[in-house]
Amino acid sequence: MAPYTEAKAKMEPGDILVMYSDGVTEAVSPKDEDFGEERLAELVASMRDRPASEIVGAIHSAVAAFTEGAPAADDITVVVARRLLA
């Protein structure tokens, strides 16, 4: 069993929390390149003013385009939460 630690963080209005499975960042292109955390972070940052549901859809679309439609080797799970109000 993997060890886990508990932590607390305060989200401010406008903050976005993205939780994802390793199948997102480890999705592989036909050139044998991982999608990676940096590409994911850049995508989320570019959509920071969009609704959470659009960010989830964009991540799924970006991974599918990156892998050129190849079947996923692992699950692709994404949850996006955004704090809207103070």
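Please identify the GluC sites (Glu not before Pro) of segment 29-61 that satisfy two criteria: DSSP loop assignment and at most 16 other Cβ atoms within 10 Å. Which are they?
Details: sites: Glu33, Glu37, Glu38, Glu42, Glu54; in loops: Glu33.
The qualifying sites are Glu33.
Charges at C-beta only: +1 for Lys and Arg, -1 for Asp and Glu. How large is the resulting dipole of the chain about its Cα centre, in Debye rounded to 20? Could you put the intermediate results ahead of the total?
Values: 8 positive and 16 negative charges, 107 e Å.
Charge dipole of the chain: 520 debye, to the nearest 20.
Run the accessible area of the chain with a 1.4 Å probe and give the carbon-and-sulfur part as a rounded percent. Could you put the intermediate results ahead of the total?
Working: 3430 of 6290 Å².
The computed percentage sits at 55.
Let me spell out the model: positive unit charges on the Cβ of Lys and Arg, negative unit charges on the Cβ of Asp and Glu, origin at the Cα centre of segment 1-42. What dipole size does that give, in debye rounded to 20?
200 debye
Angle between the Cα long axis of helix 52-66 and the longest principal axis of the chain, 0 to 90 degrees, nearest 10?
With both axes taken from Cα atoms, the answer is about 20 degrees.
If you filter the chain for chymotrypsin sites (Phe, Trp or Tyr not before Pro), then keep DSSP loop positions with at most 10 other Cβ within 10 Å, what is left?
Listed in order of number, the matching sites are Tyr4.
Calculate for the chain the 222 nm mean residue ellipticity that helices alone would give, adding -39,500 (n - 2.57) per DSSP H run of length 4 or more and normalising by residue count, nearest 500 deg cm²/dmol.
Only helices count here, giving -10000 deg cm²/dmol.
Give me the accessible area per residue for segment 6-86, probe 1.4 Å, as a whole number in Å².
Per-residue accessible area for segment 6-86 comes out at 69 Å².
The values are calculated or read from the model by the stated rules, or taken from the named source; none is laboratory data. Remember, predicted model here, so these are calculated numbers, not experimental data. Cβ coordinates were reconstructed from backbone atoms using ideal geometry, including for glycine residues, and neighbour counts include every protein chain displayed. All accessible areas refer to the heavy atoms of the entire protein, side chains included, with ligands and DNA or RNA removed. Shrake-Rupley method; radii C 1.70, N 1.55, O 1.52, S 1.80 Å.
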